[in-house]
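The values are calculated or read from the model by the stated rules, or taken from the named source; none is laboratory data. Since the structure is predicted, the reported quantities are computational estimates derived from the model, not experimental observations. Methodologically, a virtual Cβ is constructed for each residue, glycine included, from the backbone with ideal geometry; neighbour enumeration extends over all protein chains shown.
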Amino acid sequence: MALKNYQYNKILRDYDNRQLEAKHELDLRMENAYGKIPALKEIDDEIVTCAINSAREMLTGNEDALNTLKEVARGAEKRRSELLKANGYPEDFLKLRYQCPDCKDTGYIGNEKCHCFKQAIVDIVYSQSNMKEAISRENFSNFSLDFYAETYIEPSLNMTPRENIVRVVEECKRYINDFESNRGNLLLYGNTGVGKTFLANCIAKELLDKAFTVIYLTAFQLFDILEKNKFGRGEDNFESQSQFEYILDCDLLIIDDLGTELNNSFVNVQLYLCINERLLRNKSTIISTNLSLDNINSLYSERVFSRIASNFSLLKIVGEDIRLKKLF
């Protein structure tokens with residue numbers, strides 16, 4: 001995905017700040033530990049000396065001396081871990097703690113961008129701070145079954161709203177657990193205010209925590225980008241082309257409130273292309289909508305409905321409008 005120079009530089013500065021912060025926090029922990037356990041400083045000095053001597057021996061090619069130094073260093077590290085543990089500290093207390101252990105807060109693994117760098121691009125290009133705020137509130141820790149009645153049977157499902165939402169949540173958690181090996185798709189549908197967007201955000205948070213790239217767009221936002229990609233010119237078109245490519249290639253695309261956009265032939269064609277291309281790339285999509293299956297079938301093309309019906313798990317959510325229940 002193309003970034004403007006200032007955007008790219010901002011990401012790099014963020015990584016520099018992460019590394020500086022990690023080093024500063026390590027320095028504070030070292031000061032604390034050395035003050036309480038003076039022997040730790042001697043062990044760390046021994047480890048540093050071994051590292052310096054090992055570098056020299058590598059240049060001379062003296063394998064025997066190099067192996068001996070490695071053994072000495074391993075012994076020193078073991079003594080350090082035991083000493084920390086004996087004094088109530090975790091064994092990794094004197095090691096750098098990275099926000100992303102995979103790339104060690106560099107943004108790259110080898111010559112490839114790390115997943116955290118890719119998500120940083122998503123956050124900038126799609127200005128997803130709103131999603132991050134949403135998932136801090138709307139996640140499984142804050143999900144409550146209390147808003148779903150267990151006093152009546154929903155005729156279309158032959159179960160209570162409470163029984164149904166338990167089933168839906170279990171399916172969503174199974175979807176998360178199987179995501180790496182089975183890139184499935186979900187259609188969350190039901191009346192207004194029954195928790196469809198909330199559940200989509202729950203899934204987004206869990207997958208972001210697992211280092212997958214996630215893009216959240218309302219249907220209106222999605223088709224606005226697709227329109228600019230199709231008809232835009234100049235710099236705006238370059239930007240929308242970049243956005244379009246990442247829409248097709250991110251691990252999970254969430255399309256919220258399908259059906260609220262102005263429906264026309266362009267929307268039908270672009271929705272089909274988006275869904276179909278992501279299926280071909282084995283990328284996952286979650287769609288939430290207030291529309292019934294019959295409404296989807298009548299509003300969108302047969303090809304769109306066919307792709308959804310045959311490739312998405314259809315999860316209907318029933319109940320009263322939670323937003324109204326919270327007000328009263």
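Quick notes on this structure:
- Here segment 105-124 is the region considered, the condition is being assigned to a helix (DSSP H, G or I) and touching a helix residue (DSSP H, G or I) at 6+ places or on another chain (Cβ under 6 Å), and the residue that is modelled with the highest pLDDT is 120.
- The set of residues in segment 239-265 that are surrounded by fewer than 13 Cβ atoms within 10 Å (Cβ to Cβ) and modelled with pLDDT under 90 contains only 262.
- Of the criteria (1) out of contact with any Ser or Thr (no Cβ under 7 Å at 6 or more places or on another chain); (2) crowded, with 20+ Cβ neighbours inside 10 Å; (3) of a type outside the set (Asp, Glu); (4) within 18 Å of residue 247 (Cα to Cα), which one residue 124 fails: (2)
- When 255, 275 are screened for being closer than 20 Å to residue 220 by Cβ and either outside any helix (DSSP H, G or I) or touching a Phe, Trp or Tyr at 6+ places or on another chain (Cβ under 6 Å) (or both), only 255 passes.
- Segment 294-325, residues that are of a type in the set (Val, Ile, Thr) and in a strand (DSSP E or B): 317
- Hits in segment 165-212 - residues which are of a type in the set (Lys, Arg), touching a residue at least 24 places away in the same chain (Cβ under 8 Å) and not in a loop (DSSP other than H, G, I, E, B): 173, 196, 205
- Residue within segment 11-25 that is in a loop (DSSP other than H, G, I, E, B) and either within 29 Å of the chain's Cα centre (by Cα) or surrounded by 12 or more Cβ atoms within 10 Å (Cβ to Cβ) (or both) present: no
- Set 98, 89: member being over 22 Å from residue 42 (Cα atoms), surrounded by 13 or more Cβ atoms within 10 Å (Cβ to Cβ), not assigned by TED's automatic domain parsing to the domain that holds residue 245 and not polar (S, T, N, Q): 98
- Hey, residue 57 part of a helix (DSSP H, G or I), acidic (Asp, Glu) and surrounded by 16 or more Cβ atoms within 10 Å (Cβ to Cβ) or not: yes
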